[in-house]
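Since the structure comes first, as structure tokens, the remarks are kept for the end.
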Amino acid sequence: MTLRPLAVGVLVLLLGGSPPALATWDHPVDATERLKELEGQLERSRAEHDEIKQKASALAEETTRLRADMVKAARAAQESEDLLSELEVQLEDLRTREIDRSEALQRRSQQMVGVLTALQRLAWRPTEALLAQPQSPADTVRSVILLRAAVPQIEQSARDLKVEIDLVTKLRADIGDQRKKIASTSGRLEDEHLRLKDMFERKSVVQQETEQERRAAELRVSELAGQAEDLRDLLARLEQERERRMAEAAAKAAAERVARDVEITARRVAREAEQAAERAARDAELAAQKAQAQAAAVARERELAQARAAHEAELKAQAEAKEAQLAAQQATHDAEKAAREAAATRPVRADKPFSQAMGKLPYPARGRVVEAFGQTNDVGHVTKGITIQTRKAAQVIAPYDGQVVFAGPFRGYGLLLIIEHSEGYHTLLAGMAQVDCNVGQRLTAGEPVGVMGQDDSKPNLYVELRHGGQPVNPLPWLTAQKSKASG
């Protein structure tokens, strides 16, 4: 916000000087006009301030509405991912059953072919021809009896064969229906992804006015990341950065309060001076009506009275400005003291208590846990978090309210996202192909923060929960997922 002429004059008074134009205010008319001009500038400054406040309020409301819409869209996308995974499992089961039934049907068909061929040959031969067979009559009779006994079994096998054929036909029809459901669900999932993309673009437009501060914060965090020796050092540095931001915010708020007090004081002094000038003008006018003969002397006396009133008002303004300067120094001292106390005591932020969310946090992404906390992996390291195997391009969300303190590449993690919660808790998410939030951004539970890779055959999201810089098992904090067995 640019400084108005009145503010410049007040700053000169605070420094112990006086406005350079004061020496020229010998005439009361000039003093009155100057006071009116200052009053007009104050009114314009107030109108501009109100307009900025209204614009900021509108931006805040738009951001809140977009965040709620994005949470709903991300939830719908994850539910579509779950349904698509279940449909694919059912389709694979139907395919396996169809293959087993087809193989059994083929084996039965081969058996039936041999038996039916033997019966057909027997039917072609007349009864008298059996007597000419080169085998004993007992063997011939036995063969006839065995074939006759096989006929009912053949008929039953034919009925069973028909049932098997019907089952295979139904399985193939079910497979076709399942593929249609998968195609429909995939279409809905694509629509949700497009909807989320549109919301991200709208949210980016809303947040353009804070782009410069965001880039500065990202630069500071990138420098911290380059200096960090390990992840714990990074978290400690980020905590120091947060405390520094809180101290700056406290000092800035104190300075703004002092500026407002100075502006109010100057405005009051200007109004009192104007009122004194008006009273002096009325007194001079009455004196002129009573004694026209002494108009010149009375006019001179009136001018002197007005000059004295303006001079006294200016002296009063200087005294009050001096008091405001002392108050500003005291407020700055109090703000620095409060900042030091805040850095020493590290107060709890006004976020929701994270400790009350145990067992209620949603999974950051839908999938199957393939690596648990404390498990020894292939290279012999004990894991400090869990690994979730997700679908391609799966949606990743924030598990709880918090603020983004790091978003970018970090050694050994790829793209790393760190969300700071209350009570010293942090959530670490790694393995995403795209991060859709910025450093310093406030997040609500369920808000989309990134997307998994499209090219990986089995994308893995690494999730880590830390308290006071130490890793803790995140599984007891997460809600149970249906049909998601651990690996």
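The values are calculated or read from the model by the stated rules, or taken from the named source; none is laboratory data. Here the structure is a predicted model, which is why all the values come from computation and not from measurement. Cβ: placed from backbone, ideal geometry, glycine included. Neighbour counts: every protein chain shown. For accessibility, only protein heavy atoms count, side chains too; no ligands or nucleic acids. Shrake-Rupley method; radii C 1.70, N 1.55, O 1.52, S 1.80 Å.
Condition test on Pro353, is it open to solvent by 20 Å² or more (accessible area, probe 1.4 Å) and free of Cβ contacts under 8 Å to residues at least 60 places away in the same chain?
no
Determine, yes or no, whether Ala372 is in contact with a Ser or Thr (Cβ under 8 Å, 6 or more places away or on another chain) and surrounded by fewer than 18 Cβ atoms within 10 Å (Cβ to Cβ).
Answer is yes for this residue.
Conditions tested, residue by residue: (1) modelled with pLDDT of 85 or more; (2) polar (S, T, N, Q); (3) open to solvent by less than 60 Å² (accessible area, probe 1.4 Å).
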{"site": "Glu239", "(1), (2), (3)": "no, no, yes"}
{"site": "Met246", "(1), (2), (3)": "yes, no, no"}
{"site": "Ala250", "(1), (2), (3)": "yes, no, yes"}
{"site": "Arg257", "(1), (2), (3)": "yes, no, no"}
{"site": "Val262", "(1), (2), (3)": "yes, no, yes"}
{"site": "Glu272", "(1), (2), (3)": "yes, no, no"}
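Six or more apart or on different chains, Cβ under 8 Å: which pairs go from a residue in the range 80-103 that's farther than 18 Å from Thr185 by Cβ to one that's among the charged types (D, E, K, R)? Could you list them?
These pairs meet every condition: Glu98/Arg172; Arg101/Glu164.
Which pairs turn up if I take residues in the range 285-310 that are modelled with pLDDT under 75 and look for partners that are open to solvent by 80 Å² or more (accessible area, probe 1.4 Å) and among the charged types (D, E, K, R) with beta carbon separation below 9 Å, at least 6 apart in sequence or on another chain?
Ala287/Glu301; Ala287/Arg302; Ala288/Arg302; Val298/Lys290
Filter the range 169-185 down to residues that are in contact (Cβ under 8 Å) with a residue 60 or more places away in the chain and open to solvent by less than 50 Å² (accessible area, probe 1.4 Å) and give me whichever is farthest from Leu94 (Cα to Cα).
Thr185
Considering every residue within the range 408-415, establish whether at least one is among the charged types (D, E, K, R), under 28 Å from His193 (Cα atoms) and more than 13 Å from the chain's Cα centre (by Cα).
No, because not a single residue in the range 408-415 is among the charged types (D, E, K, R), under 28 Å from His193 (Cα atoms) and more than 13 Å from the chain's Cα centre (by Cα).
Please state which of the following conditions Val405 fails to meet, knowing it meets all the rest: (1) open to solvent by 40 Å² or more (accessible area, probe 1.4 Å); (2) farther than 30 Å from Leu87 by Cβ.
(1) is the only condition that Val405 fails.
Run down Arg159, Arg188 and say which single residue is surrounded by 14 or more Cβ atoms within 10 Å (Cβ to Cβ) and either under 30 Å from Val71 (Cβ atoms) or at pLDDT 70 or above (or both).
It is Arg188.
Just checking, which of Val396, Val439, Val463 is assigned to a loop (DSSP other than H, G, I, E, B) and surrounded by 18 or more Cβ atoms within 10 Å (Cβ to Cβ)?
Of the residues listed, the single one that is assigned to a loop (DSSP other than H, G, I, E, B) and surrounded by 18 or more Cβ atoms within 10 Å (Cβ to Cβ) is Val439.
Of the conditions (1) surrounded by 23 or more Cβ atoms within 10 Å (Cβ to Cβ); (2) without any contact (Cβ under 8 Å) to a residue 12 or more places away in the chain, Val382 satisfies every one except a single condition; which number is it?
All conditions are met except number (1).
Please enumerate the residues belonging to the range 442-460 that are open to solvent by 20 Å² or more (accessible area, probe 1.4 Å) and either modelled with pLDDT of 95 or more or more than 20 Å from Pro353 (Cα to Cα) (or both).
Selection gives Val451, Gln454, Asp455, Asp456, Ser457, Lys458, Asn460.
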